[in-house]
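Scroll down for the structure; my scribbles are underneath it.
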Amino acid sequence: MKMKKLGVLAGMSLALIAAGCGTNDGDGNNTENNNNNEGAGDVGEELNYTITGIDAGAGIMGAAEEALDVYGLDEWQVQASSDAAMTQALGDAYDNEEPIIVTGWTPHWKFAAYDLKYLEDPEGVFGEAEDIHTFVREGLEEDMPEAYQVLDNFQWTEEDMGEIMMDIQEGTDDREAARAWVEENEDKVNEWTEGVDPVDGETIDLVFVAWDSEIASTNMIAVVLEDLGYEVNMDPLEANFMFQAVAEGEADAMVAAWLPGTHSHLLEDYGDDMIDLGANLEGAAIGLVVPEYMDIDSIEDLQ
Ligand code: PBE
């Protein structure tokens with residue numbers, strides 16, 4: 001897949017024209033009476049036709065660019081930033097009930113913290129629900145059978161991941177939040193480690209991308225591996241380097257591959273050289289996300 005150049009305008013102000021559109025008359029009439037096109041025109045101008053994105057290497061950024069193409073949103077652009085900057089912008093807009101459109105995904109704590117909605121995607125650009133897979137390097141099963149077995153057994157839910165994410169969001173240190181979850185979910189963790197022999201300080205290298213969802217999952221599995229006796233290194237990388245590191249055997253494992261859609265291009269490039277241990281979480285999703293108070297419901301409303 002070819003990744004289109006992102007039309008990033010550095011320093012573009014996200015400051016919004018004061019929301020003087022006379023919405024919120026208290027009984028919601030305005031929402032119902034709003035013609036989609038009128039609403040969208042306003043939104044486009046108020047947002048400088050800018051969708052707030054995350055790191056340029058994320059699969060969702062390619063999907064968002066494709067959505068601009070498919071829906072004919074020629075005036076719009078996706079601004080690259082980071083998960084942290086995106087959620088900061090989202091929180092600021094939300095606090096002031098200002099419009100904002102972000103590249104969003106589930107699981108993510110933002111849905112617990114704010115009332116948000118996915119914009120409908122009738123053309124299916126962002127795909128259906130997907131799973132997060134665990135991948136390990138070739139030879140790991142022979143070299144570190146204990147870690148391999150735990151990684152192979154690892155499976156949890158959106159709610160599980162959400163607990164760690166929320167805890168981190170509320171200020172707890174990443175590793176401490178992961179440890180607290182591991183301690184509170186002994187039964188689940190025991191299912192992954194049952195019958196696995198402890199090891200004596202072998203080093204295992206995990207790679208991940210600093211998305212909130214993957215910060216939570218990677219720290220959690222790191223704690224489980226540490227408890228088994230491993231010395232765990234965690235390297236945050238760009239998405240393509242995360243795949244490359246496992247494919248080339250520079251890293252041992254990652255728990256952060258979103259399939260079949262979001263990382264399909266990376267799987268194409270690197271999938272043949274790594275071992276897929278299957279889904280560790282089912283029912284993930286990506287899309288364009290806005291606060292509930294916005295009058296638009298579909299990506300088509302941006303046309
Ligand atoms: N995400 C979170 C990633 C996968 C995990 C949706 C930001 C991406 O778009 O590549």
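The values are calculated or read from the model by the stated rules, or taken from the named source; none is laboratory data. Computed from a prediction, not measured in an experiment: that's the story for all the values here. Cβ sites come from the backbone with ideal geometry, for glycine too, and all protein chains shown count toward neighbours.
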Positions within the range 224-242 being in contact with a helix residue (DSSP H, G or I) (Cβ under 7 Å, 6 or more places away or on another chain) and touching a residue at least 60 places away in the same chain (Cβ under 8 Å), in sequence order = 224, 225, 228, 230, 239, 240
Can residue 43 be described as over 15 Å from the mean Cα position of the chain (by Cα) and more than 16 Å from the ligand (Cβ to nearest atom)?
-> yes
Of the residues that make up the range 102-124, is at least one of a type in the set (Val, Ile, Thr), crowded, with 21+ Cβ neighbours inside 10 Å and either modelled with pLDDT under 95 or within 30 Å of residue 203 (Cα to Cα) (or both)?
-> no
Would you check if there is a residue in the range 131-151 being surrounded by fewer than 18 Cβ atoms within 10 Å (Cβ to Cβ) and at pLDDT below 95?
-> no
Within the range 99-112, which residues are of a type outside the set (S, T, N, Q) and touching an Asp or Glu at 6+ places or on another chain (Cβ under 8 Å)?
-> 99, 107, 108, 109
Flagged pairs (Cβ under 8 angstrom, 6 or more apart or on separate chains; first in the range 256-270, assigned by TED's automatic domain parsing to the domain that holds residue 105; second away from the ligand (no atom under 12 Å from the Cβ) and outside any loop (DSSP other than H, G, I, E, B)) are none
Hits in the range 57-70 (condition: in contact with a strand residue (DSSP E or B) (Cβ under 9 Å, 6 or more places away or on another chain) and not in a helix (DSSP H, G or I)) | 58
